[in-house]
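Student: Dumping the structure here so I can ask a few things about it.
The values are calculated or read from the model by the stated rules, or taken from the named source; none is laboratory data. Here the structure is a predicted model, which is why all the values come from computation and not from measurement. Virtual Cβ from ideal backbone geometry, glycine too; neighbours counted across all protein chains shown.
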Amino acid sequence: MKKLWAICILLLLLAGCAGRDEAPVAEVVPTEAPVTAAPTEVPTALPEQQLTIDVVVTETAVPTPVPTPEPTPTLAPTDTPEPTPTPGPLEGFVIGLDPGHQRIYDPSQEPVAPGSRETKQKVAGGCRGVKSGVYEYEVNLNVGLLLRDMLEEAGATVVMTHDTLDVNISNIERAQMFNEANVDLGIRLHCNNGGSEKKYSGAFMIVPTENRTRFYEENVRAAATILAAYCEETGLTTRYKDGITYRSDQTGFNWCERPIINIEMGHLSNPAEDALLSDPAFQVKMARGLFNGIVRFFRPDLGSAVNE
Ligand SMILES: [Zn+2]
């Protein structure tokens with residue numbers, strides 16, 4: 001034990017000597033290393049070349065949108081466009097046609113005028129071709145149907161009292177049909193019978209007397225215009241001085257509140273005219289003549305010497 005203690009003391013002594021030999025600590029001031037500022041993190045600008053490359057890269061990356069080509073419009077089927085229909089010369093006009101008579105006449109009576117005590121049979125029988133035996137109602141209806149087609153083709157609205165012979169329509173009813181349709185002109189179609197006298201011939205017009213209509217002037221003008229065109233087309237002459245007669249006793253006139261005329265298209269009692277009036281080809285001419293006259297009457301602006 002004593003030995004151990006001795007060693008310890010010896011060591012302590014040795015340690016004291018060594019400490020005295022060392023340089024004073026205060027003098028060993030460590031040279032302060034210059035404070036190096038922490039490098040500011042300035043983003044290092046990329047070299048230009050790098051930028052360029054970047055742009056190029058970007059451009060390459062985003063694909064340039066290729067414009068979608070406009071779809072080629074499918075061509076419409078080469079249908080010829082519908083031409084705008086030109087309005088016919090009679091567009092807007094309402095024309096009444098009353099082919100005279102019917103297959104079976106009606107002898108029962110009706111007043112010849114509103115409020116009149118005088119009566120006439122509702123539908124007379126009409127006459128017949130002296131040679132051909134054709135019934136007047138057949139000729140009247142044939143011409144009426146042909147004329148209707150021509151008028152409609154020209155744009156007119158046509159009101160026919162009947163388009164078949166198997167009807168029973170009185171003269172008052174026929175006039176009332178024209179009133180209801182508010183016709184611009186009503187035309188009654190007949191052929192005449194000169195009685196046993198075969199010498200009478202020619203076409204003529206009948207119009208209501210002045211006291212029976214509000215449209216006297218208009219009726220006379222329509223009658224003159226249409227008769228002239230009719231004779232021009234058919235070559236028929238006119239009966240009477242100017243081809244117009246005036247009647248106050250016709251039921252079909254007196255009940256009509258619209259402009260109205262009656263044409264006697266020729267004489268079935270005259271053999272020569274009977275041959276013409278009963279001929280279907282001539283009936284087309286008759287209808288054509290009436291049509292021309294109607295156009296001239298309603299459309300004098302289209303020009304015609306016939307109106308003079
Ligand atoms: Zn008749």
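Student: Could you say whether any residue in region 250-273 is among the polar types (S, T, N, Q) and surrounded by fewer than 20 Cβ atoms within 10 Å (Cβ to Cβ)?
Tutor: No, region 250-273 contains no residue that is among the polar types (S, T, N, Q) and surrounded by fewer than 20 Cβ atoms within 10 Å (Cβ to Cβ).
Student: Could I ask something else about it? Which of the residues belonging to region 219-265 are over 21 Å from Ala281 (Cβ atoms), polar (S, T, N, Q) and over 35 Å from the mean Cα position of the chain (by Cα)?
Tutor: Within region 219-265, Thr238, Thr245, Ser248, Gln250, Thr251, Asn254 qualify.
Student: Continuing with the same structure: Residues in region 273-287: is at least one within 16 Å of the ligand (Cβ to nearest atom), part of a strand (DSSP E or B) and farther than 24 Å from Asp149 by Cα?
Tutor: no
Student: Would a scan of region 247-259 turn up a residue that is modelled with pLDDT of 95 or more, away from the ligand (no atom under 15 Å from the Cβ) and out of contact with any helix residue (DSSP H, G or I) (no Cβ under 8 Å at 6 or more places or on another chain)?
Tutor: No - not one qualifying residue is present in region 247-259.
Student: Right, next: Only one of these conditions is not met by Glu217: (1) assigned to a helix (DSSP H, G or I); (2) closer than 24 Å to Val139 by Cβ. Which number is it?
Tutor: (2)
Student: Could I ask something else about it? If the Cβ limit is 8 Å and pairs must be 6+ apart or interchain, which residue in region 175-193 that is away from the ligand (no atom under 16 Å from the Cβ) pairs with which residue that is modelled with pLDDT under 95 and part of a strand (DSSP E or B)?
Tutor: Filtered contacts from region 175-193: no entries.
Student: Something else now. Given the options Gly303, Gly266, name the one that is of a type outside the set (A, V, I, L, M, F, W, C) and in contact (Cβ under 8 Å) with a residue 40 or more places away in the chain.
Tutor: Within the list Gly303, Gly266, the selection yields Gly266.
Student: Do you know which residues across region 163-214 are touching a strand residue (DSSP E or B) at 6+ places or on another chain (Cβ under 8 Å), over 26 Å from Glu118 (Cα atoms) and part of a loop (DSSP other than H, G, I, E, B)?
Tutor: The answer is Asn182, Val183, Asp184, Tyr200, Ser201, Gly202.
Student: I've got another one for you. Take residues that are within 15 Å of the ligand (Cβ to nearest atom) and in contact with a Pro (Cβ under 9 Å, 6 or more places away or on another chain) and tell me which of the strands (runs of 3 or more DSSP E) falling wholly in region 89-140 contain 1 or more.
Tutor: Hits in region 89-140: 119-123.
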